[in-house]
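Here's the structure, in structure tokens; my notes come after.
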Amino acid sequence: MSVLQALDIGLAALVLAVAVWTIFAREAFAAVVGYVAYGLLLSIVWVRLFAVDVALTEAAIGSGVTGVLLIGAAARLREAEMAAADEQPSEPQRFWASFLCVLVTLALAGVVLSLPDPAPTLAPEAAQKLAGTGLGNPITAVLIAFRSFDTMLEKVVLVLAVVGVWSLAPDRYWGGAPGAPRAARPESTLAFLAQLLPPFGILIGIHIFWVGADEPGGAFQGGAILAAMWMITMMARLTEAPPVSSIWLRLALIAGPAVFLATGVAGVAMASGFFAYPAGFAKPLILFIEAFMTLSIAVTLPMLVAGPPRRLPRR
Amino acid sequence: MSAPTLAGLIGAALVGLGLYGLITNPQPLRKILAFNLIGSGVFLLFGIIARKGAAAGFVADPVPQAMVITGIVVAFSASALAIALVLRLFQETGRVTLRPDASAGPPANGADT
Amino acid sequence: MSLVLDILTIMAICAGAFFFFAGTVGLLRFPDALSRLHALTKADNLGLGLVVLGLLPRTGSLFASLKLVAVWALIQLAGATAAQLIARAARRKGPAP
């Protein structure tokens, strides 16, 4: 057994152990902490599967931003936990649930073990068309050039989620701002971090977005880092979330999908069809779209974490 | 046992584990956690399909990887909406339970509509 | 020359792994939050620093080495802040009975 195999088996055992703890932990807060650790371990598994872009996304969005959301929710729901103790399922229910789950697991494991070999793959086609886009990273090419409609719809899903979260506000708070107001005396430790980190974080976020054209990276990962910088200044209460009625916030939220859609429609006039890019001009156009996508993501993620408006709108 | 096969088996186990957590845990927050576990298990299955499709000089098929990236972002937005719903439920009724209950306690801080 | 660098890498990474191991043992065995934080921050600073030091000869370029050192500095910053915040919360909660 080689060293890499031992690493794989150890990693797999660790991931399973932390997942089991997430499901069976007594308190919700402990389960959430387990989930964040699980997400980070999963990023290492993704690197072992040679999917570095996915590893970056999982660490940033899957484990990082989701973790912030879950920790905030778990902290606020702590008192409500005790009330649900009487709803625990009975022994026969647990037995049948575990029987069903073991069945599902065995079925999926059977599928995994019986995958065709050599596997069907779209890699040769992607390699062929990659030169036409001028990009070096095939995953960015798939996201923005080959399956651009999917990615645009995904950005629309993000906007829909923000609309859904905002619509949960009580009527009288509509137009107000989510989150806590700016503090007169922010807590020193978090304020120190929130003043030191954002310059570097913004630089790193833009770098990862820019480099995603040729190396692992891209709009989602870079946008998540920029979002984290805004979130940490909001958490340190050095700035406050803008009111949901502000125009620039709404423009920034829809800028990504709007520019994406406009470019796709313009492709009908200036290139060969819907979402086609003119030959030779593909890479600048892709980076242009990705820049607005990064802006949108950097604004959407903190708004999703901040939640519905909680303060009265200012006149 | 190669790395992709092992990761695929772990993905299958995660789906089963998450399904068990989704069914048996009564609290909505734990259900959201279990749902995320199911999601990441499914993404791992996509990942091994991508790795097995290595060809033409790529170490992994890029199309399933792009789908997983899309899936992670969509799963996050679904989790954000679900958590906002749970918090609003807590604000309205003072408890978090999915059981339709005629004897729900008084709202936590007045009726907020 | 490369043999010396290889030995340096192995020794530094083993030492870093030892510090991480010690930090984990401290996390599991120490009685209260403050002493566990003490063990963990040693692992963060010293262990990661030694691992980064061991990896520096293996990177191809100066830029990659600078990136590794930047990673270490950022993790130190984040770890120190998190440790401070947790310690403050633990002190506010008061000693466990």
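For the peptides C:41-50, C:82-91, what is the packing order when you average, over each peptide's residues, the other Cβ atoms within 10 Å and list the highest mean first?
Values: C:41-50: 18.8, C:82-91: 14.8.
Averaged packing, sorted descending, gives the order C:41-50, C:82-91.
Using alpha-carbon positions, what is the distance between the centroids of segment C:41-74 and segment B:1-25, in Å?
Cα centroid to Cα centroid, the span is 34 Å.
How are the alpha carbon pair distances in segment B:3-93 distributed across 5 Å bins from zero to the largest one, expressed in percent?
3, 14, 18, 19, 17, 11, 8, 5, 3, 2, 0, 0
Ignore the peptide's own chain and count Cβ atoms of other chains within 10 Å of each Cβ in A:158-170; give me the average, rounded.
On the way: counts 5, 1, 2, 10, 3, 1, 7, 8, 1, 2, 7, 3, 7.
What the average comes to for A:158-170 is 4.
Per the helix-only calculation at 222 nm, which mean residue ellipticity applies to chain A, given -39500 (n - 2.57) for every DSSP H run of n ≥ 4 and division by its residues, nearest 500 deg cm²/dmol?
Details: 12 runs with 207 residues, N = 315.
Helix-only estimate at 222 nm: -22000 deg cm²/dmol.
How shielded is A:24-35 by partner chains, expressed as the average number of their Cβ atoms within 10 Å of its Cβ atoms? Before the final figure, lay out each step's value.
Details: counts 6, 2, 0, 0, 7, 1, 0, 7, 4, 0, 1, 6.
Mean partner-chain Cβ count within 10 Å for A:24-35: 3.
Counting other beta carbons within 10 Å of each Cβ, put A:Lys129, A:Lys283 in order, fewest first.
Numbers: A:Lys129 14, A:Lys283 17.
Sorted ascending by nearby Cβ count, the order is A:Lys129, A:Lys283.
Given 37 °C and 0.692 mPa s, compute D for segment A:122-315 with the Stokes-Einstein relation, Rh being the Kirkwood radius over Cα pairs; round to the nearest whole µm²/s.
Details: Rh = 18.0 Å.
Taking Rh from Cα pairs, D becomes 182 µm²/s.
Rounded if a/c is under 1.5, else prolate if a/b is larger than b/c, else oblate: which is chain C, with a ≥ b ≥ c the root eigenvalues of its Cα gyration tensor?
On the way: a/c = 6.52, a/b = 2.05, b/c = 3.18.
Oblate shape, in that a/c is at least 1.5 and b/c is the bigger or equal ratio.
Would you be so kind as to identify which of C:Val71, C:Gln84, A:Pro116 lies farthest towards the positive end of the dipole of the protein assembly as shown, taking Lys and Arg as +1 and Asp and Glu as -1 on Cβ and the Cα centre as origin?
The Cα lying farthest towards the positive end belongs to C:Gln84.
Between helix B:3-24 and chain B, what is the angle of the helix's C-alpha long axis to the longest principal axis, kept within 0 to 90° and rounded to the nearest 10?
10 degrees
Go through A:Lys129/B:Lys52; A:Lys129/A:Lys155; B:Lys52/C:Lys67; B:Lys31/C:Lys67; A:Lys155/B:Lys31 and tell me which ones have a Cα-Cα distance over 28 Å in this structure. Walk me through the intermediate numbers first.
Values: A:Lys129/B:Lys52 21 Å; A:Lys129/A:Lys155 24 Å; B:Lys52/C:Lys67 31 Å; B:Lys31/C:Lys67 39 Å; A:Lys155/B:Lys31 25 Å.
Pairs exceeding the cut-off: B:Lys52/C:Lys67; B:Lys31/C:Lys67.
Name the most mobile residue of B:Ile32, B:Ile72, B:Ile23, meaning the one with the largest mean-square fluctuation, in a Gaussian network model of chain B with Cα contacts below 10 Å.
Among B:Ile32, B:Ile72, B:Ile23, the largest mean-square fluctuation in the Gaussian network model of chain B belongs to B:Ile23.
Normalised by the residues of chain A, what does the relative contact order come to in percent, with Cα pairs under 8 Å and at least six apart?
Numbers: 371 pairs, mean separation 65.1, N = 315.
Computed over chain A, the figure is 21 percent.
What are the ³J(HN,Hα) couplings of segment C:62-73, residue after residue, when phi is run through the Karplus curve with 6.51, -1.76, 1.60 and θ = phi - 60°? Round to Hz, x for glycine and proline.
Karplus-based 3J(HN,Hα) across segment C:62-73 equals 5, 4, 5, 4, 4, 5, 4, 5, 5, 4, 4, 5 Hz.
Using only atoms on other chains, find how many Cβ atoms lie within 10 Å of each Cβ of peptide C:78-87 and report the average.
Per residue, the number of nearby Cβ atoms from other chains is 3 on average.
Considering only the other residues whose Cβ falls under 12 Å of the Cβ of A:Leu49, what net charge follows from Lys and Arg at +1 and Asp and Glu at -1? Don't skip to the end; give the middle numbers.
Values: positive: A:Arg48, B:Arg51, B:Lys52; negative: A:Asp8, A:Asp53, A:Glu58, B:Asp61.
Taking every Cβ under 12 Å from that of A:Leu49, the sum is -1.
So if I place +1 on the C-beta of Lys and Arg and -1 on the C-beta of Asp and Glu, and nothing else carries charge, what would the dipole magnitude of chain A be about its Cα centre? I want it in debye, nearest 20.
Rounded to the nearest 20 debye, it is 1140 debye.
Can you list, largest first and rounded to whole Å, the semi-axes you get for the protein assembly as shown by taking the square root of 5 times each eigenvalue of its Cα gyration tensor? Can you show the working numbers first?
Numbers: eigenvalues 234, 193, 147 Å².
Each semi-axis is the square root of five times an eigenvalue, giving 34, 31, 27 Å.
Tally Lys/Arg at +1 and Asp/Glu at -1 over every other residue whose Cβ is under 14 Å from the Cβ of B:Leu37; what's the total?
Working: positive: B:Arg30, B:Lys31; negative: A:Glu58.
Surrounding charge for B:Leu37 is +1.
Taking Cα pairs under 8 Å and at least six residues apart, what relative contact order does segment A:214-315 come out at, in percent?
Values: 91 pairs, mean separation 42.5, N = 102.
Relative contact order for segment A:214-315 comes out at 42 percent.
Can you give the Rg to Rh ratio for segment A:1-77, taking only C-alpha atoms and Rh from Kirkwood?
On the way: Rg = 13.7 Å, Rh = 13.1 Å.
Checking Rg against Rh, the ratio lands at 1.05.
Treating only the Cβ atoms of Lys and Arg (+1) and Asp and Glu (-1) as charged, compute the dipole magnitude of the protein assembly as shown about its Cα centre; round to the nearest 20 debye. Mind dumping the intermediate values first?
Working: 34 positive and 26 negative charges, 271 e Å.
Here the protein assembly as shown has a charge dipole of around 1300 debye.
For chain B, find the longest principal axis of its Cα atoms and tell me its angle to the long axis of helix B:28-52, 0 to 90°, nearest 10.
Result, in degrees: 10.
Read-outs: derived from the displayed coordinates by stated rules, not from any lab. Predicted model, so just to flag it, every value in this text is computed and none were measured. All Cβ positions, even for glycine, are placed from backbone atoms using ideal geometry, and neighbour counts span all protein chains on display.
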